[in-house]
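Here is the structure we will look at.
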Amino acid sequence: MLDLLVRYRKYSVLGLVVVAAVALLTAQQTRQGDGLWLAEGIATITAPVQGAFARVHRGAASLWAGYLDWKHLRTEVARLRAETVALRLRQLRQEALEAENQRLRTLATLRERLPERTLGAEVVARDWNGFTRGLTIDRGRADGAERLSAVIVTSGVVGRVAVLRRQSAIVQVLTDPASSIGGVVLRTHAQGLVEGVAGGRLRIKLAVSEEALQPGDLVVTSGIGELFPKGLPLGRVLRVYSATGLFRTAELEPAVDLTSIEEVLVLPRGTSGDLAPAFPES
Amino acid sequence: MRLPLYVLAVSGGALVQCTVVPVVGVGGIVPDVPVVLTVLLALRYGAEAGCLTGFALGLAQDAVAGGPLGLHALSKALLGFVAGDLPRWVLVTRPIVPVGLAVLATIVDGLARFALLQLFHYPAPLGEIFTRVIMPQAGYNGILAAAALAWPVGRLLSRG
């Protein structure tokens with residue numbers, strides 16, 4: 001028998017193994033719990049190793065999840081930053097539009113109040129070098145603008161058209177050192193000459209007594225010379241200087257903030273009459 | 001066959017199957033390392049070694065899996081025996097043979113286990129088990145066998 005088993009060893013091993021496996025299966029099938037001691041023995045060896053691997057796996061998974069969270073957070077922060085910038089830009093655009101709308105509305109109101117047909121223009125460039133002070137507007141000869149026309153905004157005089165081109169014009173502003181306009185103190189009707197001063201300031205020279213000129217007095221165009229109609233606000237007296245000879249000089253604060261104007265109105269040449277009622281705020 | 005290598009393959013295979021393999025599952029499917037090991041060892045060392053290796057590895061799997069003890073043992077023992085006897089009829093030196101055999105063996109092993117589980121009134125239908133477990137696992141095992149043959153461990157197993 002043993003010889004036979006050795007001779008057919010291969011089949012004998014197969015037979016033994018199959019019998020052992022079937023016996024285990026049958027034992028479990030017929031009597032619940034039998035054969036579990038073997039399973040428990042093997043599990044005793046493998047369980048600690050399984051636990052260690054599970055811990056390593058959990059650690060690695062946690063690390064990976066943390067990395068993913070961090071990466072997600074970074075992406076989210078970048079997205080939110082971009083969104084904030086976009087929203088800020090949109091808000092700035094909105095504010096700019098609202099400001100433009102407001103300016104245009106007040107300019108339109110002024111336009112309605114004026115007796116003559118005016119030409120609306122947009123300031124497209126500024127020459128603010130100190131020697132000369134000018135603005136470039138987007139209206140020129142082709143639009144009906146004329147040289148030496150008065151340029152105004154809702155708060156007063158900006159200047160006059162000094163250079164006329166086909167589609168644009170350069171406006172010499174009040175504060176240009178070469179600018180001089182006939183002005184009148186509204187309170188006393190004292191007349192003088194309003195000149196630009198280097199550095200962007202404005203002054204009035206007039207031959208009057210001290211009482212005729214006080215800080216806060218409004219100076220408007222006199223209408224003499226026909227370049228500027230009467231009654232356009234030029235500025236307010238800031239301080240009055242001591243008289244030198246016949247003349248008395250005062251520093252004026254321009255009625256128009258010349259650094260921030262965006263839109264202007266160009267009056268036609270020869271506009272006459274008193275335009276003071278068109279500037280009730282002054 | 002060298003006994004230390006045999007012991008190492010069986011204990012290592014069992015440990016890997018119950019520790020590392022569950023972690024590397026793809027879509028809930030895990031490779032069956034004992035099948036690949038049994039096939040590779042059986043092809044190199046013959047039916048007797050394949051049968052014993054399959055039995056030992058299967059028994060360890062049964063113990064760890066908590067299912068009926070002897071289920072994997074029986075199916076893998078039969079698998080090892082058949083795979084070990086193949087070199088008598090098939091030229092197994094070409095790498096495609098062990099890889100193809102690992103795939104085929106996984107299918108046969110899965111079907112054999114399903115048949116044996118009917119003794120225990122296993123409820124899942126064969127079609128579902130075949131398409132969702134056995135076939136994906138067979139593909140996974142084919143990749144694993146190819147990788148094992150490309151690595152030094154696989155070459156060591158196939159050379160002895």
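We did not get these values from a lab; they are worked out from the coordinates using the rules stated. Please read all numbers here as calculations on a predicted model, not as lab measurements. All Cβ positions, glycine included, derive from the backbone under ideal geometry; neighbour counts span all protein chains shown.
Once fully extended, how much extra length lies between A:E262 and A:A82, figured as 0.36 nm per residue of separation less the alpha-carbon to alpha-carbon distance?
Numbers: separation 180, 0.36 × 180 = 64.80 nm, distance 3.05 nm.
In short, 61.7 nm is gained.
Can you put A:F228, B:F114, A:F247 in order of Cβ neighbours within 10 angstrom, beginning with the fewest?
Values: A:F228 27, B:F114 18, A:F247 13.
In increasing order of surrounding Cβ atoms, one gets A:F247, B:F114, A:F228.
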The stretch A:237-270 and the stretch B:35-85: distance between their alpha carbon centers, rounded to Å | 107 Å
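With +1 on each Lys and Arg Cβ and -1 on each Asp and Glu Cβ, and nothing else charged, work out how big the dipole of the stretch A:119-269 is about its Cα centre, in Debye to the nearest 20.
Details: 17 positive and 16 negative charges, 67 e Å.
Dipole size: approximately 320 debye.
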Mind giving me the FRET efficiency for B:L119 and A:L63? R0 is 25 Å, r the Cβ-Cβ distance, nearest 0.05 is fine.
-> 0.05
Which whole-number percentage describes the relative contact order of chain A, with Cα contacts under 8 Å and a sequence gap of 6 or more?
-> 15 percent
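Under a point-charge model restricted to the Cβ atoms of Lys and Arg (+1) and Asp and Glu (-1), what is the dipole moment magnitude of chain B relative to its Cα centre, in debye to the nearest 20? Could the numbers behind the result be given before it?
Details: 9 positive and 6 negative charges, 89 e Å.
For chain B, the charge dipole is close to 420 debye.
To make sure I understand, if each residue's beta carbon is the centre and we count other beta carbons within 10 Å, what order do A:S149, A:S179 fall in, fewest to most? Mind dumping the intermediate values first?
Working: A:S149 25, A:S179 21.
Least to most surrounded, the residues fall as A:S179, A:S149.
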Taking every residue in B:76-87, how many Cβ atoms of other protein chains lie within 10 Å of its Cβ, on average?
-> 2
Net dipole in debye of the protein assembly as shown [+1 Lys, Arg Cβ; -1 Asp, Glu Cβ; about Cα centre; nearest 20] = 1260 debye
Once the dipole of the protein assembly as shown is set up with Lys and Arg at +1 and Asp and Glu at -1 on Cβ about the Cα centre, which of A:L63, A:A82, A:L258 lies farthest towards its positive end?
-> A:L63
Among A:L73, A:V13, A:V158, pick out the residue whose Cα is farthest towards the positive end of the charge dipole of chain A, where Lys and Arg carry +1 and Asp and Glu carry -1 on C-beta, about the Cα centre.
-> A:V13
Dipole of the protein assembly as shown, positive end: most advanced residue of A:V22, B:M135, A:P229 [Cβ charges, Cα centre] | A:V22
Pick out which of B:V39, B:V133, B:V103 has the largest mean-square fluctuation in a Gaussian network model of chain B, springs linking Cα atoms closer than 10 Å.
-> B:V133
At the level of C-alpha centres, the distance separating the stretch B:97-130 and the stretch A:166-226, in angstrom, is 106 Å
